[in-house]
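Engineer: The structure under discussion is supplied below as structure tokens; questions concerning it will follow.
The values are calculated or read from the model by the stated rules, or taken from the named source; none is laboratory data. On a predicted model such as this, the values are computed, not experimentally measured, just so you know. We place every Cβ from the backbone using ideal geometry, glycine too, and count neighbours over all the protein chains shown. Heads up: the accessible areas ignore ligands, DNA and RNA and are worked out on the full protein's heavy atoms, side chains in. Shrake-Rupley method; radii C 1.70, N 1.55, O 1.52, S 1.80 Å.
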Amino acid sequence: MKKQIDILIIDDSIMFGEGIKELLGQNQMIGSIECTSGQKEAYELLDKKDIDIILLDLNFDSNEFDGFTIAHYVKRTYPSIKVIVITQHAKIDHYNVLINEIGVDAYLDKRMSVNQLYIAIKEICNNKVYIDPMIKKVLDSGKWLKITPREKEIIELMCKGHSQKLIADRLFIDIKTVESHLRNARERYGFNNSAELISEYLSYKNSFRENYKGTTSPFRK
């Protein structure tokens, strides 16, 4: 590893990129830091500069590219460059694409502390993969991906305080069907009662923003 680390920040928000640049610049292990918000500019910098690490956002205000596109290009064209992905909207399917398919080196929540960013940089420079602790919680809650549409519908209504009878009336199903769906979900995930099921589901949703509509799809053509 070189004495100092040269970094390229690719983020749709210039303000965020400049803020990270200022913070990173205070550490002696960091060398040059470049910032850009566009795909073309990023690729031009990669051709001209000797970059060690890319700090890459996932979401850009563009229909032509996103962080997945850039990460894939970098890992195929410059395999020695380490890629740290940052996002405000951590999702398990994103993790699978980024880590298992593209091969990025770190995945961080954008609410990270600068100290956590330093830890990630040190880890990936030692050829380790670093996952933000918040994102690890997302992975631990991956069981919710197995929930059926009807189970989710019922649980969502219970989260709003609806009784099983009211849910049955609203969904035009028998109350025994509601009870059956809840029982299946409880047994699948090992909860003793519906209160535990609802509590865990609410914790999952509140922490990991499952329903955020603007999250870029990693499967977009």
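Engineer: From the protein chains alone at 1.4 Å, what is the descending order of accessible area for F172, F16, largest first?
Structural biologist: F172, F16
Engineer: Okay, next question. Using θ = phi - 60° and the Karplus form 6.51 cos²θ - 1.76 cosθ + 1.60, what ³J(HN,Hα) does each residue of region 196-203 get, whole Hz, x for Gly and Pro?
Structural biologist: Once θ is set to phi - 60°, the couplings for region 196-203 become 5, 4, 5, 4, 5, 5, 5, 4 Hz.
Engineer: Sticking with this structure for a sec: Please give the contour-minus-distance gain from Q116 to S80: 0.36 nm per residue of separation, less the Cα-Cα distance, rounded to one decimal in nm.
Structural biologist: 10.7 nm
Engineer: Probe radius 1.4 Å, ligands and nucleic acids ignored: give me the carbon and sulfur share of the accessible area of region 146-205 as a rounded percent.
Structural biologist: Summing carbon and sulfur atoms, their accessible area is 50 percent of the total for region 146-205.
Engineer: Follow-up. Keeping every protein chain present and rolling a 1.4 Å probe, give me the accessible area per residue for region 45-115 in Å². Walk me through the intermediate numbers first.
Structural biologist: Values: 3020 Å² over 71 residues.
With all protein chains present, region 45-115 gives 43 Å² per residue.
Engineer: Each label point is 7 Å from the Cα along the Cα-to-Cβ direction; what then is the distance between the points at Y43 and L202, in nm?
Structural biologist: Output for this residue pair reads 4.9 nm.
Engineer: Give me the lysines in straight-line cross-link reach of K146: C-alpha distance below 28 Å, same-chain residues under 8 apart excluded.
Structural biologist: Leaving aside lysines fewer than 8 places away in the same chain, those within reach of K146 are K91, K110, K136, K137, K160, K165, K176, K205, K213, K221.
Engineer: Further question on the same structure: How much accessible area does V114 have with a 1.4 Å probe, in Å² rounded to the nearest 10?
Structural biologist: 60 Å²
Engineer: Once you sort the root eigenvalues of the Cα gyration tensor of region 1-131 as a ≥ b ≥ c, which label holds: rounded (a/c under 1.5), prolate (a/b larger than b/c) or oblate (the other case)?
Structural biologist: Numbers: a/c = 1.24, a/b = 1.15, b/c = 1.08.
Rounded shape, in that the Cα axes give a/c under 1.5.
Engineer: If I model a spin label at C125 and R150 as a point 7 Å from the Cα along the Cα→Cβ vector, what separation in nanometres do I get?
Structural biologist: The answer from the label model is 5.6 nm.
Engineer: Assuming R0 = 35 Å, can you tell me the calculated FRET efficiency for the pair S32 and E101, based on Cβ-Cβ distance, to the nearest 0.05?
Structural biologist: Efficiency computed from Cβ-Cβ geometry: 0.70.
Engineer: Rounded to the nearest 20 Debye, what is the dipole magnitude of region 4-158 about its Cα centre when Lys and Arg each give +1 and Asp and Glu each give -1 at the C-beta?
Structural biologist: Numbers: 18 positive and 25 negative charges, 129 e Å.
The calculated dipole for region 4-158 is roughly 620 debye.
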